[in-house]
Amino acid sequence: MKNRCRIHKLVAVILGLLLVAANPLAAFSAGGNLSGIKDNELVLTTFDANGNVSGIQVLNHLRISGEGQVQVTDKSAYSLTSLRNLYGKEKLVVQDGQIAINTQVEGLKDIYYLATLDQSAVKDMKFPVNIDIQYFLDGQQVKPAELLGKSGHLKIVVTVENTTGTPKVLEFQNDQGETVSKEAVIFTPYVVSLSGWKFDNRYFDNVTAPGVGGESPEGVVTDVQGVTTVSWTIPLIPPSYPSKQYAVLEADGRNIQLDSFDIAIIPVLPESSQTDSLSGIKTAFEKLYSGFESIEQGVGAESKPDTLLYGFNTLLKGLGNERAEGTVINGLRQISSGIDSLYSNLVKIRMGIATPGFDPATFNAAQGKDAGGRSPGAKDAIDLVRSSVDKQLIPAVDAQQQLVAGLNGVIGNPADVGQTPSATTSLYNDINTLKSLAGSGPAADLISKAIIPKINVLSGNLSALEKGGQITTSAGQVDFPASLVAVKAGLGQVNDSLARTSAGLDQVVQGLGDVKADGTPVPVLLEGKPGTILFAMATIKDGSDALYQGVSGQVVPGLKKMQSGVAQIGEGASTAKVSLAAGLVDLSSAGAIKDSLKANVEAVDTFLGKPDGAQGSVIYVFRTAPVKPAAGGLTNGLIALVVLLGLLAALGRGQSTPVKMEA
Amino acid sequence: MGLVAAVLFGVFIYFQGLLGAQAFFLAAIALAFFVTLGPNGEFFKMGLSMLLGLVIGLAGIFVLAIAFPLPPYNTGYVAVVSAVSLFLALLLSAVGLRLDGLLIGWGGLYAAVYPLYQNDPTVLASAGVPAAVGAAVSLLVGLVLGLFILKMAVASAAREGGS
């Protein structure tokens with residue numbers, strides 16, 4: 001019976017060993033057909049309790065397609081300290097950076113192996129995404145191990161930075177179908193997943209994961225069955241997202257213990273279900289660009305006809321300046337100058353016609369001025385002449401007429417005779433009396449032939465002097481126009497003429513207007529308009545000056561400012577157009593950028609290395625060390641074991657057992 | 001007596017976390033088995049046998065984890081290694097150890113540690129030995145409780161009738 005039992009056990013052991021040995025033997029059978037390999041890597045980087053990288057392992061999944069016995073040669077870019085086939089029996093042989101695997105394939109074969117990198121490689125390892133984890137307790141930065149058992153406000157900041165950006169020249173077609181080149185920094189897109197960070201509610205309260213726009217995404221916090229779970233998804237995909245971001249966790253902790261946290265870094269360009277607003281933005285940009293282009297064309301340039309700047313330039317040239325012949329400002333300057341001259345001369349005329357304040361009563365003819373020192377104007381002079389004629393010349397003529405009339409009375413008529421000569425008888429009466437007394441003889445002849453004719457001439461000439469006619473001269477009878485009557489009449493006419501001239505000058509003075517002592521016109525308004533020429537001229541003069549000053553001093557500078565402003569508008573429109581064009585190029589380049597990102601993602605297919613021709617993928621996982629007390633149960637359990645064994649040794653030894661079996 | 005056993009067992013359960021004896025139920029199993037040893041049973045040898053069985057089982061699982069393909073598609077290797085380790089445990093009975101103790105120790109270890117191996121073999125590195133110690137404590141507690149109960153039962157019977 002015992003022998004049979006032993007034989008059965010031996011057979012079982014041998015069968016079991018055969019089971020173990022059967023498959024490895026099969027692996028060395030004849031060669032087969034290899035149709036494809038997929039190499040999926042998970043790079044696990046672990047941090048120690050101080051936050052330093054303690055090790056890197058690569059879990060490699062090879063999916064081999066084919067039939068029969070095949071040999072796959074994987075590659076290892078790093079020195080390995082261990083290599084283990086996790087789920088299969090195939091032997092992995094490492095030599096010269098290559099991992100040789102012989103396996104039997106029937107359609108598909110999965111091989112998982114775990115490679116542990118040598119510490120020398122771990123030390124200087126550069127990852128495509130930098131991870132920096134900082135722990136703070138009550139605002140003070142601490143190492144994770146220092147958190148154990150502490151209480152306070154916990155803050156964990158995980159900073160992730162995509163370091164894969166490299167300059168690249170993109171070529172793409174713009175909206176006009178032209179090929180455009182643009183240099184841009186293209187990254188390999190990575191999405192960082194901080195998923196399932198668990199915080200035991202016994203140790204943590206007020207767990208939050210706040211975000212900051214453009215810098216830090218907000219985490220999703222869920223509290224289920226006493227455990228608060230926090231997850232973040234951080235796309236490190238420039239230009240849509242910043243290449244460097246951070247996640248923040250804050251919580252109030254007591255007797256802190258932390259589980260291990262995983263940070264997965266996945267090279268992926270995720271498709272979004274977000275509604276595509278890019279086309280709408282692009283259309284708006286194009287319209288905006290068109291608008292700015294119209295503004296730019298409307299503003300134009302000084303040398304470009306039918307544009308604002310050209311118009312301003314022409315206008316300013318037309319306005320010109322004081323020295324530019326044929327320009328508005330020069331013309332206005334001439335007009336202003338002419339009006340000034342005209343006004344000045346009119347003032348002179350006005351002052352020449354009638355001196356303001358002239359007092360004829362105090363006029364001193366010898367000095368030619370009145371008591372106030374004012375010289376008379378033309379009208380003043382005329383009035384002075386008129387006054388002289390009225391008051392001096394005409395009375396003088398009247399007196400002369402009286403004198404001549406008296407002399408004529410003294411001479412009398414040739415027919416006067418018969419009165420006894422006396423002081424009051426006429427000369428003719430006396431001569432005729434003398435003649436008749438002389439009778440005949442020489443005396444009578446002398447009287448008749450010499451004295452009486454002379455008296456007749458004297459009487460005739462006096463009569464002509466008084467009333468006009470002919471006078472007797474040595475040359476005979478001649479007309480005598482300067483009789484006293486004629487002179488008086490002439491003086492009357494002169495006076496009348498002077499009066500009319502004075503009245504006319506009065507009209508002129510009134511038309512020109514009164515002038516103040518300083519030569520400025522007295523303002524006179526009629527129905528709201530200037531009532532005198534000088535006031536009107538002063539107004540025109542001021543207006544022309546103001547027009548000139550306004551055009552040269554305000555209109556031209558204003559136009560120049562407008563021109564400058566319009567030029568700035570043009571430049572702004574041009575700048576905006578350039579920016580919009582760049583924006584449109586950016587929008588147009590979105591497709592090229594996306595293609596580049598996709599290409600970069602597809603290029604990230606291995607970390608450790610992959611078999612030639614294999615389709616690869618790689619995911620990086622960073623794992624923090626748990627912050628928990630050491631397994632105290634082990635020590636306590638060992639102590640308990642010793643105690644229990646002691647008890648058993650003391651109380652349960654030396655007794656025979658009722659049941660005893662032997663093998 | 002039953003109340004005393006229940007209280008002692010309750011105290012053990014209460015402190016099972018402190019002892020790392022998550023498989024505390026093993027104590028009940030051990031208790032049930034060890035009571036069958038009777039008042040004259042070799043409890044100390046049973047304890048040593050159980051511990052050795054447990055060590056052999058643990059070694060088997062470690063060998064499985066280190067040297068063979070990992071779960072889930074490794075049933076054949078589990079079968080072979082388990083069979084070999086069990087065979088070794090049975091062989092040890094030839095040197096005077098109790099076979100039942102070896103088997104309980106081996107089985108208790110598998111009950112406590114194999115789920116860890118099945119779920120995540122990497123956990124064994126940190127949790128394998130503590131789980132084995134916990135299982136050992138559970139088994140020894142059951143054994144000690146059984147011993148106490150038997151001792152008390154014998155003492156009580158002696159007081160009542162001298163039999």
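The values are calculated or read from the model by the stated rules, or taken from the named source; none is laboratory data. Note that the structure is predicted; figures quoted are calculated from it, not measured. Cβ coordinates were reconstructed from backbone atoms using ideal geometry, including for glycine residues, and neighbour counts include every protein chain displayed.
Taken over segment A:509-541, the residue count meeting the criterion of being loosely packed, with under 14 Cβ neighbours inside 10 Å, in contact (Cβ under 8 Å) with a residue 40 or more places away in the chain and over 10 Å from A:Val347 (Cα atoms) is 2. Closer than 27 Å to A:Arg323 by Cα and either surrounded by 18 or more Cβ atoms within 10 Å (Cβ to Cβ) or modelled with pLDDT under 85 (or both): which single residue out of A:Ser564, A:Ser552, A:Ser579, A:Ser596 fits that description? Selected residue: A:Ser552, the only one of A:Ser564, A:Ser552, A:Ser579, A:Ser596 that is closer than 27 Å to A:Arg323 by Cα and either surrounded by 18 or more Cβ atoms within 10 Å (Cβ to Cβ) or modelled with pLDDT under 85 (or both). For segment A:606-632, filtering for residues that are more than 14 Å from chain B (Cβ to nearest Cβ) and either of a type in the set (Phe, Trp, Tyr) or surrounded by 17 or more Cβ atoms within 10 Å (Cβ to Cβ) (or both) leaves 15. Does at least one position in segment A:266-289 carry a residue that is in a helix (DSSP H, G or I), surrounded by 14 or more Cβ atoms within 10 Å (Cβ to Cβ) and of a type in the set (S, T, N, Q)? No.
The residue of segment B:62-92 that is farthest from the other protein chains (Cβ to nearest Cβ), among those that are closer than 15 Å to B:Tyr117 by Cβ and of a type in the set (Phe, Trp, Tyr), is B:Phe62. Report yes if A:Asp506 is under 48 Å from the mean Cα position of the chain (by Cα), among the acidic types (Asp, Glu) and not assigned by TED's automatic domain parsing to the domain that holds A:Ser303, otherwise no. Criteria not met by A:Asp506.
Scanning segment A:70-86 for residues that are assigned to a strand (DSSP E or B) and in contact with a helix residue (DSSP H, G or I) (Cβ under 8 Å, 6 or more places away or on another chain) turns up just one, A:Thr81.
With respect to B:Leu109, is the statement that it is more than 9 Å from chain A (Cβ to nearest Cβ), surrounded by 21 or more Cβ atoms within 10 Å (Cβ to Cβ) and under 18 Å from A:Leu641 (Cα atoms) true?
Considered against the rule, which asks whether it is more than 9 Å from chain A (Cβ to nearest Cβ), surrounded by 21 or more Cβ atoms within 10 Å (Cβ to Cβ) and under 18 Å from A:Leu641 (Cα atoms), B:Leu109 comes out as yes.
Residue pairs whose Cβ atoms lie under 6 Å apart, separated by 6 or more positions or on different chains, with the first residue in segment B:5-18 and at the interface with chain A (Cβ under 10 Å from one of its Cβ atoms) and the second assigned to a loop (DSSP other than H, G, I, E, B), are B:Gln16/B:Phe24. Restricted to segment A:635-663, and to residues there that are at pLDDT 85 or above and more than 7 Å from chain B (Cβ to nearest Cβ), the residue that is farthest from B:Leu51 (Cα to Cα) is A:Ala650. The criterion of at least 2 residues that are surrounded by fewer than 18 Cβ atoms within 10 Å (Cβ to Cβ) and in contact (Cβ under 8 Å) with a residue 24 or more places away in the chain is met, among helices (runs of 4 or more DSSP H) falling completely within segment A:353-456, by A:378-388, A:394-411. Scanning segment B:37-80 for residues that are under 24 Å from A:Leu647 (Cα atoms), in contact (Cβ under 8 Å) with a residue 40 or more places away in the chain and not in a helix (DSSP H, G or I) returns B:Leu37, B:Gly38, B:Pro39, B:Gly41, B:Glu42.
Please specify each residue of segment B:93-102 satisfying the condition of being buried (at least 19 other Cβ atoms within 10 Å of the Cβ) and of a type outside the set (Asp, Glu).
Hits for segment B:93-102 are B:Ser93, B:Leu97, B:Arg98, B:Leu99, B:Gly101, B:Leu102.
The test for being within 14 Å of chain B (Cβ to nearest Cβ) and of a type in the set (Val, Ile, Thr) does not hold for A:Val585. Annotation: A:Ala475 fulfils all but one of (1) modelled with pLDDT of 85 or more; (2) within 28 Å of A:Phe358 (Cα to Cα); (3) exposed (fewer than 14 other Cβ atoms within 10 Å of the Cβ); (4) hydrophobic (A, V, I, L, M, F, W, C); the unmet one is (2).
On the basis of being loosely packed, with under 14 Cβ neighbours inside 10 Å and either in a helix (DSSP H, G or I) or in contact (Cβ under 8 Å) with a residue 12 or more places away in the chain (or both), does A:Gly311 make the cut? Can you show your working first?
On the way: loosely packed, with under 14 Cβ neighbours inside 10 Å: no; either in a helix (DSSP H, G or I) or in contact (Cβ under 8 Å) with a residue 12 or more places away in the chain (or both): yes.
Criteria not met by A:Gly311.
Return yes when A:Glu250 is in a strand (DSSP E or B) and touching a residue at least 60 places away in the same chain (Cβ under 8 Å) and no when it is not. It is true that A:Glu250 is in a strand (DSSP E or B) and touching a residue at least 60 places away in the same chain (Cβ under 8 Å).
Would you call B:Gly128 part of a helix (DSSP H, G or I), surrounded by 14 or more Cβ atoms within 10 Å (Cβ to Cβ) and more than 8 Å from every other protein chain (Cβ to nearest Cβ)?
Details: part of a helix (DSSP H, G or I): yes; surrounded by 14 or more Cβ atoms within 10 Å (Cβ to Cβ): yes; more than 8 Å from every other protein chain (Cβ to nearest Cβ): yes.
So B:Gly128 passes the test.
Is at least one residue of segment A:485-508 of a type in the set (S, T, N, Q), surrounded by fewer than 15 Cβ atoms within 10 Å (Cβ to Cβ) and touching a residue at least 12 places away in the same chain (Cβ under 8 Å)?
Step one: of segment A:485-508, the residues of a type in the set (S, T, N, Q) are A:493, A:495, A:497, A:501-502, A:507.
Going one step further and asking which of them are surrounded by fewer than 15 Cβ atoms within 10 Å (Cβ to Cβ), we end up with A:493, A:497, A:507.
Within this subset, residues satisfying the condition of being touching a residue at least 12 places away in the same chain (Cβ under 8 Å) are none.
The answer is no; no qualifying residue exists.
Regarding B:Ser49, is this residue within 19 Å of B:Gly146 (Cα to Cα), in contact with a helix residue (DSSP H, G or I) (Cβ under 9 Å, 6 or more places away or on another chain) and more than 9 Å from every other protein chain (Cβ to nearest Cβ)? Against the criterion (within 19 Å of B:Gly146 (Cα to Cα), in contact with a helix residue (DSSP H, G or I) (Cβ under 9 Å, 6 or more places away or on another chain) and more than 9 Å from every other protein chain (Cβ to nearest Cβ)), B:Ser49 qualifies.
All conditions but one from (1) in contact with a Phe, Trp or Tyr (Cβ under 9 Å, 6 or more places away or on another chain); (2) over 24 Å from A:Val397 (Cα atoms); (3) among the polar types (S, T, N, Q) apply to A:Asn461; the one that does not is (2). Checking each residue in segment A:374-413 for being among the hydrophobic types (A, V, I, L, M, F, W, C) and under 16 Å from A:Leu484 (Cα atoms) picks out A:Val389, A:Leu393, A:Ile394, A:Ala396, A:Val397, A:Ala399, A:Leu403, A:Val404, A:Ala405, A:Leu407.
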